[in-house]
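Read through the structure below, which is laid out as structure tokens, and then see the notes.
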Amino acid sequence: MAITKNDDQVKINSGNNFKVKHNGAWISFGNTVEGTLEKTASKKEIMYSSGYAFDKASKRKGSLMIVLAQNTKEIIDMVDQILSGSKALYLYNGLDDSKHQEIYIPAARCIENLKLEMKGDSHQVIALEFAISPQSGNASVIPNTDMPSDRYASSGSVQTGYNPFFVILETTAA
């Protein structure tokens with residue numbers, strides 16, 4: 001794979017479809033304002049007897065922060081319901097360079113940090129935070145069986161990512 005300069009791959013607009021798998025069904029949380037997917041590592045300094053130091057990656061974690069554009073009692077009640085247990089997550093991340101980009105997270109827990117912004121000069125939003133559970137190997141998905149029916153990826157075979165937290169899929173637009 002060669003990574004090349006391509007202005008068509010400059011992503012300006014993100015998608016607008018966030019879903020959580022709850023009780024065997026994909027639940028849509030409506031329109032999104034923004035999202036942040038993170039895979040981070042903390043570092044630990046290793047000191048040698050010579051006095052030289054080396055930073056080594058120690059802990060790795062994944063997280064997803066989603067800001068919903070809507071605020072209804074139904075959405076807030078659903079947030080309270082998805083707090084128990086690990087859930088699969090789906091996020092459509094938009095269309096660029098004639099490819100739909102989708103993110104599948106096999107296991108995450110909603111952290112009970114519901115942030116409802118109520119300002120007089122802007123619409124009210126709900127921010128949700130998810131801690132992504134690492135898989136024992138690289139995260140994988142079978143799009144036809146594991147993802148929502150309105151997905152763009154269409155395959156009956158396993159698609160594997162390069163990390164234990166999530167899989168990013170790209171599908172050429174028809």
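Just so you know, all these numbers are worked out from the coordinates, no wet-lab data involved. All values reported here derive from a predicted model rather than from experimental measurement. A quick note on method: Cβ atoms are made from the backbone with ideal geometry, for glycine too, and the neighbour counts reach across all protein chains shown.
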Subtract the Cα-Cα distance of Ser42 and Asp97 from 0.36 nm times their separation in residues, and report this length gain in nm to one decimal.
16.4 nm
In debye to the nearest 20, how big a dipole does the chain give about its Cα centre with +1 on each Lys and Arg Cβ and -1 on each Asp and Glu Cβ?
620
So how strong a dipole does segment 33-104 carry about its Cα centre when Lys and Arg Cβ are +1 and Asp and Glu Cβ are -1, to the nearest 20 debye?
520
So what's the chain giving for Cα Rg divided by 2.2 N^0.38 Å, two decimals?
1.18
Cβ-derived FRET efficiency at R0 25 Å, Ala25 paired with Ser154, nearest 0.05
0.80
Would you list, by chain and number, the lysines whose Cα falls below 29 Å from the Cα of Lys39, excluding same-chain residues fewer than 8 positions away?
Lys5, Lys11, Lys19, Lys21, Lys56, Lys59, Lys61, Lys87, Lys99, Lys115
Under a plain spin-label model, where a point goes 7 Å from the Cα along Cα-to-Cβ, how far apart in nm are Lys119 and Ser84?
3.6
Hey, if you put +1 on the Cβ of every Lys and Arg and -1 on every Asp and Glu Cβ in the chain, which of Ser157, Ile76, Tyr48 ends up farthest toward the positive end of that dipole?
Tyr48
